[in-house]
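A quick write-up on the structure given underneath.
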Amino acid sequence: MKREFSLCCFTLVAAASICFGQASPSPTASSSPSPTPFKTLRSATKAAAIEKLEKSVTDAFKNKQTNLFKQYLDPEFSAVDTEGIKDADAEVEDMQKTDLRNYSFADMTVTLLSSKMAIVKYKVTTQSTSSGRDTSGTYYASTVWNKRSGKWLAVLHTFVKTQ
């Protein structure tokens, strides 16, 4: 009996060491681990925060709140639209010439590229004038947001009118 018990313990230890000694399969692009509920929640929270930022910066633009608007922009900010490529100062100058009376967002999606970088894409319909000419219509827009020193800042904004 003692011999059988010893043999059973030895077999159990050997089997356990074989199981633990096997290399775990490396994750591939096609079999990435599913996100934990906590990571999914964190991602959803960040995406909601980015959506809120996009709406806040648009409200600041609409209400011509220059100081608040500038607080959302990275020092290296660029905007791309039908008029060309602009820096933050040129964007603020455009804000002063624009009367954005009404706007509505549609199809907004946020893509988190990392914990400190996100892209928001959407369609926006506006009722607006710029330098006295009607600029109302539907536009495709996107903003690249970057988190620096704990604060999300817009790095690049694109704004193209639909055909």
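Read-outs throughout are calculated quantities, based only on the coordinates presented, and are distinct from any laboratory measurement. Computed from a predicted model, the values in this text were never measured in an experiment. Ideal geometry is used to build each Cβ from the backbone, glycine not excepted, and the neighbour counts take in all protein chains shown.
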Report task. Please list the equivalent ellipsoid semi-axes of region 47-115, computed as the square roots of five times the alpha-carbon gyration tensor eigenvalues, in descending order and whole angstrom. Result -> 20, 16, 13
Requested in this report: Compute the FRET efficiency between S115 and S136 as 1/(1 + (r/R0)^6), taking r as their Cβ-Cβ distance and R0 = 25 Å, and round to the nearest 0.05.
Outcome: 0.10
Query raised in the report: Fully extended, how many nm does the chain gain between K70 and T82 (0.36 nm per residue separation, minus their Cα-Cα distance)?
Result: 2.2 nm
Query raised in the report: Taking a point 7 angstrom from the Cα of T129 along the C-beta vector, which residues in region 84-109 have backbone N less than 14 Å away?
Result: 97-102
Report summary line: Excluding residues fewer than 8 positions from K147 in its own chain, the lysines with Cα under 27 Å of it are K39, K46, K52, K55, K62, K64, K70, K86, K116, K121, K123
